[in-house]
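Laboratory data are not the source of any read-out in this text; all were calculated from the coordinates shown. Nothing here was measured: the structure is a model prediction, and the numbers come from that model. Using ideal geometry, Cβ is built from the backbone for each residue, glycine included, and neighbour counts are taken over all protein chains shown.
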Amino acid sequence: MKKRVFLLILSIVLPVSLVFSQSIENIAPGIWKIVFGAPEKYLPTDFKEPPLSEPLKTLGHVDRPPFDLKTIQFRKAAGGIIAQLPVDTAERFYGFGLQTNAFEQRGMRREIRISSWVSGNLGFGHASMPFYISSRGYGVLVNTARNTVFYMASKGKLDTARFERANNDSQKIALTTVDLYGKQHTPSNEVSIVVNGTEGMVLYVFGGPSMREVVQRYNLFSGGGAMPPLWGLGFKYRTKATFTDKQVAAIANYFRDNKIPCDMIGLEPGWQTHSYSCSFAWNKKNFPDPDAFISSINAKQFKLNLWEHAYTHPSSPLFDSIVKYSCDYTVWTGAVPDFITAGAQNLFGNYHETTFVKKGITAFKLDESDAADYLVADLEWSFPDIARFPSGIDGIQMRQLFGTLYNKTMIDLYRKNNKRTWFDVRSSYLFAAPSPAVLYSDMYSHADFVRMTVNSGFAGVNWSPELRETNNEADLIRRLQTITLSAQMVVNGWYLDLPPWLQYEVNKNARQELLPNHKQLEEKARKLINLRMSLLPYLYSAFARYYFEGIPPVRALVLDYADDVNVMKIDDQYMLGESILCAPFIDSASTRTVYFPKGTWYDFNTNKKYEGGRSYKITMSIDEIPMFIKDNTILPLANPEQFITSETVLQVTCHIYGKPVQPLQLFEDNSFNYDYTKGIYNRLQLSWDGRKGSVTRKGNYKGRLYNINKWQVVAS
């Protein structure tokens, strides 16, 4: 690859003139790296997967940077580096990781810090990232583990000409604090980036030409999108933290006896002898024979997921050996492993591989890696910024990287054993797209859950708006609908004896008092979980595109319809794959406004047709799911299975919406291993000529995942 290097000499007006060099290098198709000063020893790129180079070459050709990179101005400031990028007044900005409170980012100050709780609208979060995307079709990433501050065209520079014009204007006195403080008084044509504690800055600029292609380049540069096992896209249920082996078995039997599909059961903290910090040792009082328990649950075709976090209790078999690879502070009296060191990786990994992976544990829930709430001084449970780690990294950097390093250490155990997995993780950072994991949190606003779902597509992460607390029956079902239409469908019963559709009031649930209409609610839950299982061919193929092409399976409308100004602010609707528009009904609502982009769309429940380019006020009962199908679509729906095994063959009916119909490609492989990375898979081309359907299967996978049995015209 031809490298283009420019040197920009910056003169900084200081008591002593200082000179710093800036290098610009085209490192991959449509991706440029800019280095100013001396980069730090550890950068997020040091821990990423290799890029998927061939797919990067197939994206829209970009032979020059999306803007003149030499216009980026750097300067050294007290304790850090500042970069200033010119922008135009019409640009809109998105991203910064899994943001909770904001969708559009122009005019914002974003402070990128991993934090366990989102307080206000500062930019903190479980997967807060120094990466944003412009509506002009480019992305900017700061390759640092330091806390980073972005001023997104939020501060106007001194302009004497503007001052003179303003001086001639008549003044209007503000009479409210909203008018006084809530307005942007000085327009800005600049994004400023501040990284403290460093002698250098490394930027990556991703070209488009579209915003969707920016995201694709980022994901492919990260190593391609996550490819879950097929069962990971089914239904997951997490049991109460105090449950014994017999109580877990009873829940497992409940699902099988009542024909409610369920692929994974998760155990919460009580499976361990000590959980804050963790012993990583089975609690023999609750699980007297762990091996027999695992075998019995696996025999019912459930996959087991264990909750833990990395802070290692003194009673743990790991403690004595891992102390020397840990930082100089504890968390909940436990050692904090430095997962940059080979010693910590090997000790922690080998123990988990021998004790759990090889014994039949299929996945883990990795909790508490998202640092403490920065805004609550007496809840500083995490290691401090002043912590020192054996690798030489400090506490500030490790707070950003800890979740990513922990996730990678654990997930690599499954790659090593050629077993596909699907984790729950509490924290993530840059370049996480290849990680087979879904983020979760303790925040519980339904509106926030949906906004985070929308924002996840900018960040290369999957988000899980889990069901746990509900206020009433409508809230219960609306939340179930939202998780049906997300990257993972999970109900977390960590403090519930019974599934929430049997009793959603916590105190009554603890007394096992059933709702009077629990059977009706159970049927509604069963119907939604069955729908999720029917969507598996569609969802699995959408994730295959995520891996091979970098297209997020769940994403904001603005990524697909960037030319439509009406979608620029929509943060409560999103695309699921190429053909499904989701518009969740929030907080028990029965009516909401839905905007449809260009084209024709069909209500999945009634097949009612909506013309795009306008908004509609739509009313739905709780028996109807807010899912709309794009015109010209083949929607493959499978007969719902109770669970997925390596022998499962899905029986598929192809539903036809509109005409003419675009061909659909399904992805087929052994979803229990990583052989797809070696090219062992099939692609099924599904086509409809207006009268009949056809299937063309190409590839070298000898097995079969789908039988295409029927073709059904739903809307024309």
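Starting from the Cα of Ala292, step 7 Å toward the Cβ, then list every residue of segment 240-280 with an amide N under 16 Å from that point. It comes to 244-250, nothing else.
With both labels modelled 7 Å from their Cα along Cα-to-Cβ, the Glu549 to Arg704 distance reads 2.7 nm. Estimated from the Cβ-Cβ distance and a Förster radius of 60 angstrom, the FRET efficiency linking Gln520 and Gln84 is about 0.50.
The Rg/Rh ratio for segment 634-715 is 1.00, where Rg is the radius of gyration of the alpha carbons and Rh is the Kirkwood radius. On the principal axes of its alpha carbon atoms, segment 233-439 extends 53, 37, 36 Å, with the longest extent given first.
Across segment 492-634, how large is the tail of the calculated P(r) beyond 24 Å, expressed as a percent of all Cα pairs? Looking at segment 492-634, the distances longer than 24 Å represent 44 percent of pairs. Applying both filters, DSSP loop and at most 16 other Cβ atoms within 10 Å, to the GluC sites (Glu not before Pro) of segment 350-432 gives Glu380.
Label sites at Lys300 and Arg109, each approximated as a point 7 angstrom past Cα along Cα to Cβ, lie 5.3 nm apart. In order along segment 375-388, phi translates into HN-Hα couplings of 9, 10, 5, 8, 10, 7, 7, 7, 5, x, 4, 7, 4, 10 Hz, rounded to whole numbers, per the Karplus curve 6.51 cos²θ - 1.76 cosθ + 1.60 with θ = phi - 60° and x for Gly and Pro. Peptides 137-146, 239-248, 299-308, ordered by how many other C-beta atoms sit within 10 Å of their residues on average, highest first, read 137-146, 299-308, 239-248.
Mean separation of Cα pairs under 8 Å and 6 or more residues apart, divided by the residue count, gives the chain a relative contact order of 12 percent. Model label points for Val323 and Ile386, set 7 angstrom from Cα along the Cα-to-Cβ axis, are 2.3 nm apart. Couplings for segment 85-91, taken from phi via the Karplus curve 6.51 cos²θ - 1.76 cosθ + 1.60 with θ = phi - 60°, read 10, x, 9, 9, 6, 9, 5 Hz in order; Gly and Pro are left as x. Once backbone amide H atoms are built at 1.01 Å from N, Ser279 has Thr273, His274, His313 as its partners under 5 Å, excluding neighbours fewer than 5 places away on the same chain. Residues in segment 582-623 near a label at Val714, defined as backbone nitrogen under 15 Å from the 7 Å Cα→Cβ point? Only 582-583, 600-610 fall inside the zone, counting backbone N under 15 Å.
Taking other residues whose beta carbon is less than 12 angstrom from the beta carbon of Ser135, and scoring Lys, Arg as +1 and Asp, Glu as -1, yields 0.
Going through the cross-link list Lys246/Lys303; Lys303/Lys359; Lys609/Lys710; Lys659/Lys698; Lys70/Lys569, which pairs have a Cα-Cα distance over 21 Å in this structure? Listed pairs above 21 Å: Lys609/Lys710; Lys659/Lys698; Lys70/Lys569. Its DSSP H runs of at least 4 residues, each contributing -39,500 (n - 2.57), put the calculated 222 nm mean residue ellipticity of the chain at -6500 deg cm²/dmol, to the nearest 500.
Close amide H partners of Gln22, meaning residues 5 or more places away or on another chain with modelled amide H under 5 Å apart, are Leu8. When Asp68, Asp603, Asp46 are arranged by Cβ crowding within 10 Å, least crowded first, meaning fewest neighbours, the order is Asp68, Asp46, Asp603.
Listed from fewest to most Cβ neighbours within 10 Å, the set Asp560, Asp328 follows the order Asp328, Asp560. Note that segment 133-147 has calculated 3J(HN,Hα) couplings of 10, 9, 5, 7, x, 8, x, 10, 10, 9, 7, 8, 9, 7, 5 Hz, one per residue in order, obtained from phi through the Karplus relation 6.51 cos²θ - 1.76 cosθ + 1.60 (θ = phi - 60°); glycine and proline are x.
Of the Cα atoms belonging to segment 277-361, the radius of gyration and Dmax stand at 14.2, 45 Å. Put in order of Cβ neighbour count within 10 Å, fewest first, the listed residues Lys630, Lys408 become Lys408, Lys630.
With K and R counted +1 and D and E -1, the other residues having a Cβ less than 13 Å from that of Pro552 yield a net charge of 0. Round to a whole angstrom and tell me the spacing of the C-alpha centers of segment 569-630 and segment 268-287. About 44 Å separates the Cα centre of segment 569-630 from the one of segment 268-287. Amide hydrogen proximity for Glu190: with H placed 1.01 Å from N in the peptide plane, the residues at 5 or more positions away or on another chain lying under 5 Å are Val87, Ala153. A Förster radius of 45 Å combined with the Cβ-Cβ distance from Gln685 to Leu375 puts the calculated FRET efficiency at roughly 0.30.
Considered as an equivalent ellipsoid built on the Cα gyration tensor, the chain has semi-axes of 40, 33, 26 Å, the largest given first. Within the chain, DSSP assigns beta bridges of which about 75% are antiparallel (rounded to the nearest 5).
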